[in-house]
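Here's the structure we're looking at; comments come further down.
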Amino acid sequence: MKNTGKKRFIGVFTAAMLSAALLAGCSSGDAQPAETNSSTQQTQQTQATVSTDGSTSMEKVIGYLSEAYIEENKDTKVTYNPTGSGAGIQAVSEGRCDIGLSSRDLKEDEAKTLDATVIAIDGIAVVVNPANTAEDLSVEQIAKIYTGEISNWKDAGGSDGAVVVIGREAASGTRDGFESITKTKDKCKYNQELTSTGDVIQTVASNPNAIGYASLAAVKDTVKVLKVDGVAPSKETVQDGTYKIQRDFVMVTKKGEKLSDDAQKFFDFATGKSADALIEKAGAIPVVR
Amino acid sequence: MKNGLKLGAKLVERIMGGIFTLCGFAAVLFVAVITVFLFVSGIPAIGEIGLGDFLLCTVWSPTSANPQYGILPFITASVMGTAGAIIIGVPIGLMCAVYISKFAPKKLRGVLREAVSLLSGIPSVVYGLVGMIIIVPAVRTVFGLPDGANLFSAIIVLSIMILPSVISVSETAINAVPHEFEEGSLALGATKTETVFKISVPAAKSGILASVVLGIGRAIGEAMAVMMVSGNVANMPKLFGSVRFLTTAVASEMSYSSGLQRKALFSIALVLFIFILIINFVLNFVIKRKKD
């Protein structure tokens with residue numbers, strides 16, 4: 001019984017081999033070199049990987065960049081691990097990824113062993129309802145509004161009405177950026193903590209006394225963008241630094257250590273001119289080179 | 001030959017029996033796994049924080065420099081939200097059930113039942129969306145508040161969400177009341193309204209009670225819809241203040257939490273699970289009493 005089974009198996013196997021050979025014979029000629037070519041490329045594809053790790057706020061920027069990069073370099077894979085700026089910086093310093101991503105500048109002790117390259121700037125717009133008469137707030141006033149020290153719009157250039165403070169959930173990169181620039185970390189008294197930029201815009205648009213913050217690129221006509229210290233946020237004012245509520249998107253690499261060829265190629269791509277359009281598409285503002 | 005057929009049939013029977021038994025125990029298995037998982041992952045954080053601090057401290061700030069893990073705001077918000085939904089939703093649901101069962105013309109009855117079952121099929125995120133765009137601004141203007149995203153808006157949304165279970169279970173209970181009871185009442189000269197409220201509803205009491213418990217279960221476990229209308233800030237609840245519930249506390253922080261914060265979220269889920277267990281025991285008790 002066992003023996004016949006084995007025999008049958010061998011028979012089937014040889015038949016399969018023969019037909020495979022026949023098929024290969026069919027496809028010989030012009031098609032064959034192309035085929036071997038693509039198969040070697042495929043093996044490369046699984047090998048060349050550029051790993052990035054860090055800031056969750058940079059998800060969109062990295063997404064657009066890596067997508068476009070992979071389109072051009074089909075043999076490379078770009079991975080992104082959204083762990084947060086601190087974790088990303090740590091990962092690159094421990095060599096667990098090629099490029100660390102951070103939405104804050106490096107601290108002094110971090111800068112000793114790491115290099116930071118700004119690839120984009122994120123402008124955070126402070127928005128109010130279109131019916132609000134406030135036009136211009138200082139960073140200090142904004143901080144006071146968010147900590148509850150100013151609780152009525154008449155103390156901030158608006159008409160009488162209790163301020164409704166809208167913010168993002170504790171993990172939001174925008175919240176982190178906003179709170180660290182206005183120095184209101186852990187001191188904000190929110191009326192609402194919403195989980196997306198769209199929710200913030202929607203809520204501010206529907207409440208005449210609300211104030212919120214959102215990435216500049218996400219702002220729509222349904223809300224009014226405030227000037228900060230007399231400067232309206234725009235691509236130009238963010239780039240020249242006159243608009244205060246902004247932060248850098250940084251790629252972090254190890255000092256004095258060469259990136260792998262693939263990682264270096266992606267790095268050059270992300271910091272090159274051709275990346276600008278992609279960065280703008282992703283809602284951030286490219287740096288002036 | 002005949003014997004062999006019989007043997008084959010027996011074998012199939014055996015195998016199918018095994019498969020059925022396996023499927024039958026699937027539910028038990030899942031419940032057991034979830035229970036064990038919640039207790040195993042929920043207990044350590046409670047031990048670390050301290051049961052008293054965890055349940056009775058009023059400050060939840062896991063990401064601040066000096067983290068605090070008090071879930072009393074979530075517990076009270078969940079209890080108040082559920083209680084409010086029951087207070088508003090049950091009378092409306094009960095009246096609706098009475099209307100469908102006793103007063104509605106036959107044709108309308110079908111339409112109403114259809115509408116109720118449709119209401120129960122609407123995804124909770126849709127309730128949340130409608131609440132966010134209609135109820136929140138409406139609450140703001142009606143009560144003259146600076147902001148409409150508060151406990152009250154959540155209560156309104158929850159009361160609408162519990163309606164289907166309250167209506168359908170109560171209606172079944174009222175329909176099950178023997179006709180003789182009502183006919184006797186009517187024969188004695190009581191009006192239809194008197195009959196319904198003095199005879200039918202009291203006779204269907206335990207069924208209606210079951211519908212209320214079911215409503216409580218639905219309200220306390222809801223996350224998505226209330227997250228969108230309650231403001232989602234971890235305050236001690238006020239009727240017109242922004243609140244966060246047990247469910248939304250887990251949902252809004254789970255994606256990024258780590259360390260003790262993550263463990264504490266499992267503990268919150270455990271507390272919620274215990275609430276649900278209690279509600280289920282009450283429900284079983286109510287149904288059992290009904291049978292006796």
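The values are calculated or read from the model by the stated rules, or taken from the named source; none is laboratory data. Every value quoted in this text rests on a predicted model; they were computed, and no experiment measured them. Note that we place each Cβ from the backbone using ideal geometry, even for glycine, and neighbour counts take in every protein chain shown.
Out of the stretch A:244-259, which residues are at negative phi and exposed (fewer than 13 other Cβ atoms within 10 Å of the Cβ)? Break it down stepwise before answering.
Here is the first cut: in the stretch A:244-259, the residues at negative phi are A:244-255, A:257-259.
Those that are at negative phi and exposed (fewer than 13 other Cβ atoms within 10 Å of the Cβ): A:Lys255, A:Glu257, A:Lys258.
Here are the criteria: (1) touching a residue at least 60 places away in the same chain (Cβ under 8 Å); (2) in contact with a helix residue (DSSP H, G or I) (Cβ under 7 Å, 6 or more places away or on another chain). Tell me which single one B:Val177 does not satisfy.
With (1) touching a residue at least 60 places away in the same chain (Cβ under 8 Å); (2) in contact with a helix residue (DSSP H, G or I) (Cβ under 7 Å, 6 or more places away or on another chain) applied to B:Val177, the lone miss is (1).
Filter the stretch A:173-204 down to the residues that are surrounded by fewer than 20 Cβ atoms within 10 Å (Cβ to Cβ) and in contact (Cβ under 8 Å) with a residue 60 or more places away in the chain, then identify the one that is nearest to B:Ser252 (Cα to Cα).
Ranking the qualifying residues of the stretch A:173-204, first place goes to A:Ser180.
Say we look at the stretch B:233-242 and pick out the residues that are within 12 Å of B:Leu72 (Cβ to Cβ) and more than 9 Å from every other protein chain (Cβ to nearest Cβ); which of these is surrounded by the most Cβ atoms within 10 Å (Cβ to Cβ)?
Narrowing the stretch B:233-242 to residues within 12 Å of B:Leu72 (Cβ to Cβ): B:234-237.
Remaining after also requiring more than 9 Å from every other protein chain (Cβ to nearest Cβ): B:235-237.
Numbers: B:Asn235: 20, B:Met236: 13, B:Pro237: 23.
By that ranking, first place goes to B:Pro237.
Kindly indicate whether any position in the stretch A:224-233 is in contact with a helix residue (DSSP H, G or I) (Cβ under 6 Å, 6 or more places away or on another chain) and either within 14 Å of chain B (Cβ to nearest Cβ) or basic (Lys, Arg) (or both).
So far as the stretch A:224-233 goes, no, none of its residues is in contact with a helix residue (DSSP H, G or I) (Cβ under 6 Å, 6 or more places away or on another chain) and either within 14 Å of chain B (Cβ to nearest Cβ) or basic (Lys, Arg) (or both).
Looking for something crowded, with 20+ Cβ neighbours inside 10 Å, within 30 Å of B:Asn150 (Cα to Cα) and touching a Pro at 6+ places or on another chain (Cβ under 6 Å) - is there at least one such residue anywhere in the stretch B:90-104?
Looking for residues that are crowded, with 20+ Cβ neighbours inside 10 Å, within 30 Å of B:Asn150 (Cα to Cα) and touching a Pro at 6+ places or on another chain (Cβ under 6 Å), one finds none in the stretch B:90-104, hence no.
Which of the residues spanning the stretch A:49-107 are touching a residue at least 60 places away in the same chain (Cβ under 8 Å), part of a strand (DSSP E or B) and of a type in the set (Lys, Arg)?
none
In this structure, does B:Ile100 turn out to be under 30 Å from A:Asn129 (Cα atoms) and among the aliphatic types (A, V, I, L, M)? First the steps, then the outcome.
On the way: under 30 Å from A:Asn129 (Cα atoms): no; among the aliphatic types (A, V, I, L, M): yes.
Considered against the rule, which asks whether it is under 30 Å from A:Asn129 (Cα atoms) and among the aliphatic types (A, V, I, L, M), B:Ile100 comes out as no.
Answer yes or no: is there a residue in the stretch B:220-237 that is under 30 Å from B:Arg289 (Cα atoms) and assigned to a helix (DSSP H, G or I).
Yes, some residue in the stretch B:220-237 is under 30 Å from B:Arg289 (Cα atoms) and assigned to a helix (DSSP H, G or I).
Given B:Gly189, B:Gly184, B:Gly241, which one is in the same structural domain as B:Asp147 (by TED's automatic domain parsing) and assigned to a helix (DSSP H, G or I)? Quick ask: steps written out before the conclusion?
Working: B:Gly189 fails: assigned to a helix (DSSP H, G or I); B:Gly241 fails: assigned to a helix (DSSP H, G or I).
Among B:Gly189, B:Gly184, B:Gly241, only B:Gly184 is in the same structural domain as B:Asp147 (by TED's automatic domain parsing) and assigned to a helix (DSSP H, G or I).
Can you tell me which residues in the stretch A:160-172 are surrounded by fewer than 21 Cβ atoms within 10 Å (Cβ to Cβ), of a type outside the set (D, E, K, R) and modelled with pLDDT of 85 or more?
A:Gly161, A:Ala162
Can you name every residue in the stretch B:141-158 that is of a type in the set (Ser, Thr, Tyr) and surrounded by 24 or more Cβ atoms within 10 Å (Cβ to Cβ)? Show your work before the answer.
First, the residues of the stretch B:141-158 that are of a type in the set (Ser, Thr, Tyr): B:141, B:153.
B:Ser153 - this is the single residue of the stretch B:141-158 that is of a type in the set (Ser, Thr, Tyr) and surrounded by 24 or more Cβ atoms within 10 Å (Cβ to Cβ).
Considering only residues that are hydroxyl-bearing (Ser, Thr, Tyr), away from chain A (no Cβ under 14 Å) and under 21 Å from the mean Cα position of the chain (by Cα), which ones fall in the stretch B:145-188?
Selection gives B:Ser159, B:Ser165, B:Ser168, B:Ser170, B:Thr172.
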